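Quick note: the coordinates plus some simple rules give every number you see, no bench work behind them. A quick note: this is a predicted structure, and the numbers were derived from the prediction, not measured. When we count neighbours, we look across all protein chains shown, and the Cβ atoms used for this are built from the backbone with ideal geometry, even at glycine.
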Amino acid sequence: MPPRRPRHAKERPPDPRAVEAPWRLFVAVPLPPPVIESVRGLVRDLSAEGWPVRWVAAETAHLTLQFLGDTPPERAELLRLALPPLVAGHPAFDLRTADLGVFPNQKRPRVLWLGLWGPAHRLETLQRAVTGLLRDLEFPVDDRPFHPHITLGRLRDAPNTPTRDLPAAIQRRYAELAAAGRGTAKAPTPVPVREVLLMRSFLGRDGARHEPLARCPLGPPAERPRPRPAVTTPEGAVAPPGERAEDAG
């Protein structure tokens, strides 16, 4: 009887719970429950189309500012301490949901998303500040242009699934949802931006699970300048702000 060939042990991925295992990190803005429910409904309806898309779990949906990937635990602790004071220097603000879209373009959809609308300059300033902090701390950063969005799903590689008609099918379904008042800027859902989270992601057979490592509140909302009240003259004319009442009329 010939001798058996020795079996080589299979290499297993490191246990994410092990002390020496790297932490999969990202920095994000959390979404309020009404937006989570909106995402849940959109994913439910779009997934019924049978497209080759890996859909997100609504409870894990978020607005990503930077994705760091595998990070040594001690580096994660450094960021956990450095991030809160940076975020606190930026005022809280409000966004709202907008239209549905795709990346990179309508002819070659790879990512399906729900857009956001509002004071984009505040969000972009916050994202640039986070990116600058990560760069100063020598973390790897994504330097691609920042396009704020909520990911709904990503196309899977499916060699045996025809996708030639998929772009038109996506746009047609998007239009149907918009006509019903869903996934459209004409029927927005508020997205208050009040904190930034440093998150650790655990990948499993049932999808990703996220655990917050740090909650970083933003500062108080910026006060809007109050318009000076107009002055009404005895004759009923209104003097514009800064003009004397006797000069009106």
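The alpha carbon convex hull volume per residue for segment 23-218 rounds to 123 Å³. For Thr71, the amide hydrogen comes within under 5 Å of the amide hydrogens of Trp23, Arg24, Leu25, counting only partners 5 or more places away or on other chains and with H modelled in the peptide plane.
Comparing Leu213, Gly69, Gly41 along the charge dipole axis of segment 23-218, the residue lying farthest to the positive side is Gly41, per the Cβ-charge model. Direction-averaged projected area, Cα convex hull, segment 17-64: 4.9 nm², rounded to one decimal.
Quick check on packing: order 128-136, 101-109 by the mean number of other C-beta atoms within 10 Å, highest mean leading.
On the way: 128-136: 15.9, 101-109: 14.2.
Those peptides, ordered most packed to least, come out 128-136, 101-109.
Amide H contacts under 5 Å for Leu116: Ala98, restricted to partners 5 or more places along the chain or on a different chain, H placed in the peptide plane at 1.01 Å from N. In segment 23-218, if the dipole is taken from +1 on Lys/Arg beta carbons and -1 on Asp/Glu beta carbons about the Cα centre, which of Ile170, Leu25, Leu78 is farthest to the positive end? Farthest towards the positive end: Ile170.
Amide H contacts for Phe93 (H built 1.01 Å from N in the peptide plane; partners 5 or more residues away or on another chain; cut-off under 5 Å): Val193. In plain terms, the chain from Arg205 to Arg110 could stretch by 32.0 nm, reckoned as 0.36 nm per residue minus the Cα-Cα distance.
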